[in-house]
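Just below is one structure, and these are the notes that go with it.
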Amino acid sequence: MYLGDQDSDVIEAALAGLEASLPAVIARKEIPKYVGGSISVGTLANLGKNGPPYFLVNKHATYEKKSFLAWYRAQIKKAR
């Protein structure tokens, strides 16, 4: 789906802000507060290998910032 220039600018600004605010690694349970609740902990858990790459730290699913942002960017679609 094609995103218009204005939509792309808004998306890029949002992603830049997200990149600036995310720590280098982040626990799954913390993701919803950074993405404005657009993705829930349960949804991320249910995605499994179809979701962003993660690793375990003391049984907690944890994401690396750059790989999470690449996955998140791929999930963005233009609003109708």
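Leaving out ligands and nucleic acids, note down the accessible area per residue over the chain with a 1.4 angstrom probe, in whole Å². Per residue, the chain has 70 Å² of solvent-accessible surface.
Around residue 70, under 13 Å between beta carbons, what's the net of Lys plus Arg minus Asp minus Glu among the other residues?
Numbers: positive: 65, 66, 73; negative: 19, 64.
That sum, taken over residues with Cβ under 13 Å, equals +1.
Restricting to DSSP loop positions (anything but H, G, I, E, B) with no more than 11 other Cβ atoms inside 10 Å of their own Cβ, which chymotrypsin sites (Phe, Trp or Tyr not before Pro) remain in the stretch 1-70? Spell out each step's value before the answer.
On the way: sites: 2, 34, 54, 55, 63, 68; in loops: 2, 54.
Within the stretch 1-70, the qualifying chymotrypsin sites (Phe, Trp or Tyr not before Pro) (loop, at most 11 other Cβ atoms within 10 Å) are 2.
Quick one: grab the alpha carbon gyration tensor of the chain, order the square roots of its eigenvalues as a ≥ b ≥ c, and give me rounded if a/c is under 1.5, else prolate or oblate depending on whether a/b is larger than b/c. Verdict is prolate for the chain. Note on residue 31: accessible area is roughly 0 Å² with a 1.4 Å probe, heavy atoms of protein only. By accessible area, using a 1.4 Å probe on protein heavy atoms only, the chain has 55% of its surface on carbon and sulfur.
The values are calculated or read from the model by the stated rules, or taken from the named source; none is laboratory data. Note that the structure is a prediction, hence the values are computed from the model and not measured. For neighbour counting, all protein chains shown are included, and Cβ atoms are generated from backbone atoms with ideal geometry for every residue, glycine included. Just the protein is used for accessible areas: all its heavy atoms, side chains included, with ligands, DNA and RNA removed. Shrake-Rupley method; radii C 1.70, N 1.55, O 1.52, S 1.80 Å.
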